[in-house]
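Peer 1: Submitted below is the structure of interest, expressed as structure tokens.
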Amino acid sequence: MTQPIPGPRRVWNAIVRPGRSLRLGRRGAVAVFLAFAIIPLIGFVGIATDTAGAYPVKSRLSSALDAAGLAGGYSFFLNTGDADTLQQVFREVGNPELRLSK
């Protein structure tokens, strides 16, 4: 014989009973809080890592720009306009591994 279909109250109680014990109990509350808090925490760590990596790049670009400006000004006041002279001054003033294209 088949079992009778349970009434709506029994179905509701079967669904609500596990949630009621979780709502009234305090065990595991820290784990739930940590689970929700770790998502933005990982995001903030990622932003901090990217920002920390951007500062050396900004510093190197700023130094290269300063060296290029000084080399260009020096070459301009020499009235030579020669690219080799400009590159030599650029190496002396600033970043030796950067090269000017001809």
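Peer 1: Of the residues GLY72, GLY81, only one is among the small types (Gly, Ala, Ser) and at pLDDT 70 or above; which?
Peer 2: Just one listed residue meets the conditions, GLY72.
Peer 1: Answer yes or no as to whether LEU24 is surrounded by fewer than 10 Cβ atoms within 10 Å (Cβ to Cβ) and at pLDDT below 75.
Peer 2: So LEU24 passes the test.
The values are calculated or read from the model by the stated rules, or taken from the named source; none is laboratory data. Since the model is a prediction, treat every value here as computed from it, not as a measurement. All Cβ positions, glycine included, derive from the backbone under ideal geometry; neighbour counts span all protein chains shown.
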